[in-house]
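Each reported figure results from applying straightforward, stated rules to the coordinates on display, with no laboratory input. Predicted model, so just to flag it, every value in this text is computed and none were measured. Heads up, the Cβs are rebuilt from the backbone with ideal geometry, glycines too, and the neighbour counts pull from every protein chain shown.
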C-alpha cells in the first residue's frame, strides 16, 4: 500500500537534523501534512517552534512564505491586495504570502482577531478572495501557526473558529539534558542552523496524500469516531463539544496514521490515538471544570474511555 515509506523516513530524518530529540513531534507534523491539515505549535519562546516549521518547509521543494505576526499586521498583509497602475490605467491583483504551499504564521496570536480571521478562508476553502476575486492557493497547502501561551503578555486568544481549522495543536517541550548537550555541541561547531536541503517535491507529497485518502475505514470505526465526538457534547465538564469538522479531521488523521504504519486499513487504535491529538484544542471547558484545574486533555481521556471500542 505505502509506496513512499522510504520517502517518509528520509523526510523525518532530514527534519530531525534541525530539531534534536523530537522524533514523536516530527512524526505528528508529517502526519498532518499527509492528511492535508494544518498544525498549531504552542509553547514558550525559544523551544524550537519556528525551527520545526522551517525545517519542514526546507525539506520540501515547495513554495514557502513566513508571516511574522504583529499587532499591526493587517488582513491585506496576509491575503494580498489590488493596486491601480496609473500609467497602464489598470488594476493589478497582488496575492499575499498566504498564497503559497507552506505558510508559517509565526506568533499567530500576536495578531488582532480581525487579522487572524484573514486566514480562515484559505485554511478551509483553499482560496483567498481579494476585492471579490477568488484566488486558489497552490497544493499541497499547509498553514503552520506558532503561538506563545495565552498568559504571555501581548497575545490575543485565537477564536474558536480559528482553532477548529487546525487539525492538531502540538507542544514542542523542553529538550532533555542529553539532547540539550547535543544541541549545544552543534551550536558551538556552527552546525545547529545549517541549511536543510529538500528531499521531497510537491508532486510526491500530493501522491502520498492521495494514497492516504484511499486507506479503508470500516463502518464500525466511523461509528466509533462519531460516538467519541458525540460523547464530547454530552460531558458535563465540556461547555462546547467537538464540531462536525472535528469528526472529518479525526477520520483523515486516522487514515494518515495507518498509512504511516504501512497499513491500507484503519484499526481502533488509530481512532483512539488520533482522538487524543485532534480533539483537545476544540473543546471548551466549563468554568467549574477550569476552577477544578481540569484540562482539555484529562477530560477527553475520560470521554474516550467511556466509549466502547469496536471489536
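Would you kindly state how much longer the chain becomes between residue 189 and residue 10 on full extension, computed as 0.36 nm times their sequence separation minus their alpha carbon distance, in nm to one decimal?
Between residue 189 and residue 10, full extension yields an extra 62.0 nm.
Calculate how many DSSP beta bridges within the chain are antiparallel, expressed in % of all such bridges and rounded to the nearest 5.
Rounded to the nearest five, the antiparallel share is 40 percent.
Please compute the length gained on full extension between residue 112 and residue 267, using 0.36 nm multiplied by the number of residues separating them and subtracting their Cα-Cα distance.
Here the segment from residue 112 to residue 267 would lengthen by 51.7 nm.
What ranking do 139, 297 get, fewest neighbouring Cβ atoms within 10 angstrom at the top?
The fewest-first ordering by Cβ neighbours comes to 297, 139.
Measure out, as a whole number of angstrom, how far apart the alpha-carbon centroids of region 104-141 and region 14-57 sit.
Their Cα centres are 21 Å away from one another.
Relative to a virtual label point 7 Å from the Cα of residue 160 in the Cα→beta-carbon direction, which members of region 295-311 show backbone nitrogen distances below 18 Å?
295-297, 299-300
What shape does region 5-191 have by the C-alpha gyration tensor, where a ≥ b ≥ c are the square roots of the eigenvalues, rounded means a/c under 1.5, and otherwise prolate means a/b greater than b/c and oblate the rest?
It comes out prolate by the Cα gyration axes.
How far apart, in nanometres, would the label points at residue 306 and residue 206 be if each is projected 7 angstrom from Cα along the Cα-to-Cβ direction?
A separation of 4.5 nm, rounded to one decimal place.
What value, in deg cm²/dmol to 500, does the helix sum -39500 (n - 2.57) over DSSP H runs of n ≥ 4 give at 222 nm once divided by the residues of the chain?
-13000 deg cm²/dmol
Sort 254, 214, 63, 298 so that the residue with the fewest other Cβ atoms within 10 Å of its own Cβ comes first and the one with the most comes last.
214, 298, 63, 254
Residue 131 versus residue 223, label points 7 Å from Cα toward the beta carbon: distance in nm?
Calculated label separation equals 5.5 nm.
Residue separation times 0.36 nm, minus the C-alpha to C-alpha distance between residue 176 and residue 290: what's the value?
Result for the pair: 38.1 nm of gain on full extension.
For 240, 259, what ranking results if the residue with the fewest other Cβ atoms within 10 Å of its Cβ goes first?
240, 259
Taking the mean number of other Cβ atoms within 10 Å as a proxy for protection, how do you rank 269-275, 142-148, 41-47, 108-114 from highest to lowest?
Ranked from most to least packed, the peptides come out as 142-148, 269-275, 108-114, 41-47.
Sticking with the crude label model, points 7 Å out along Cα→Cβ, report the distance from residue 23 to residue 92 in nm, one decimal please.
So the two model labels end up 5.0 nm from each other.
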